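The values are calculated or read from the model by the stated rules, or taken from the named source; none is laboratory data. Treat the numbers as computed from the prediction; the structure is a model and nothing was measured. Neighbour counts run over all protein chains shown; Cβ positions are idealised from the backbone, glycine included. Surface accessibility is based on the protein's heavy atoms, side chains included, excluding ligands, DNA and RNA. Shrake-Rupley method; radii C 1.70, N 1.55, O 1.52, S 1.80 Å.
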Amino acid sequence: WTASRHAAELRKQRLAAIHCDAEGALWLPHRSGVLRFDPVQDTLRRLPQVGEPWAEGAPEYIAQTPDGTLWIPSFNEGVLMRFDPRARQFTGAFPLPTLNPGEFETPYALNIHPRTGDVWITGNLSDRMLRFVPATERFLEYPSPTRTMFARDVIFTGDGSVCTSNSNLPAAAIEGGR
């Protein structure tokens, strides 16, 4: 960040992830929203807010579908946000499904399936993986075979299988002691 006139501001942010789009711009989720940094023009722009999607901050990750749409999980609000970078506006907010009314789900990591374009999200309070199908704006839920599982990342193998890394504290709390 030392080559940019925005270096001081960028160093202050608690950046959780960086996404580089096809045009070379960097999308930076941080404690109070999302920034877009254009390294060629050396410009830094804050995404517009939809009401208060990050009243407490904490978008942790960001991913982009082949059509250019950005998907941003809002950790504290339990919502998946859709952002159109061409229109420079949010075009949807989708509350994550919960197991019971009145409960809350926290999205953490997400990734886009390379074949389907579906958005896969780790649900950290319910021992589930969530899949959002943009075409139908519908969530599908996949329960974990063990309990007390906090999914930290989601990736895909060459054949399209979904993989995740998990953690919990304390490790002995994983069902079956594994």
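Yes/no per residue for (1) surrounded by 20 or more Cβ atoms within 10 Å (Cβ to Cβ); (2) modelled with pLDDT under 85; (3) over 22 Å from residue 6 (Cβ atoms):
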| position | (1), (2), (3) |
| --- | --- |
| 43 | no, no, no |
| 47 | yes, yes, no |
| 64 | no, no, no |
| 67 | no, no, yes |
| 71 | yes, no, yes |
| 87 | no, no, yes |
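Looking only at residues in the stretch 49-62 that are under 16 Å from residue 105 (Cα atoms) and at pLDDT below 55, the one that is most open to solvent (accessible area, probe 1.4 Å) is 56.
Assess whether residue 140 counts as being open to solvent by less than 30 Å² (accessible area, probe 1.4 Å) and either among the hydrophobic types (A, V, I, L, M, F, W, C) or more than 20 Å from residue 33 (Cα to Cα) (or both). So that I can check it myself, show each step before the final result.
Values: open to solvent by less than 30 Å² (accessible area, probe 1.4 Å): no; either among the hydrophobic types (A, V, I, L, M, F, W, C) or more than 20 Å from residue 33 (Cα to Cα) (or both): yes.
No.
Considering (1) surrounded by 15 or more Cβ atoms within 10 Å (Cβ to Cβ); (2) in a loop (DSSP other than H, G, I, E, B), the lone condition that residue 158 does not fulfil carries the number (1).
I'm checking my understanding of the structure. Among residues of the stretch 110-139 that are modelled with pLDDT under 95, of a type in the set (Ser, Thr, Tyr) and assigned to a loop (DSSP other than H, G, I, E, B), which one is farthest from residue 59 (Cα to Cα)? Step by step, filter the stretch 110-139, then rank; the result is 116.
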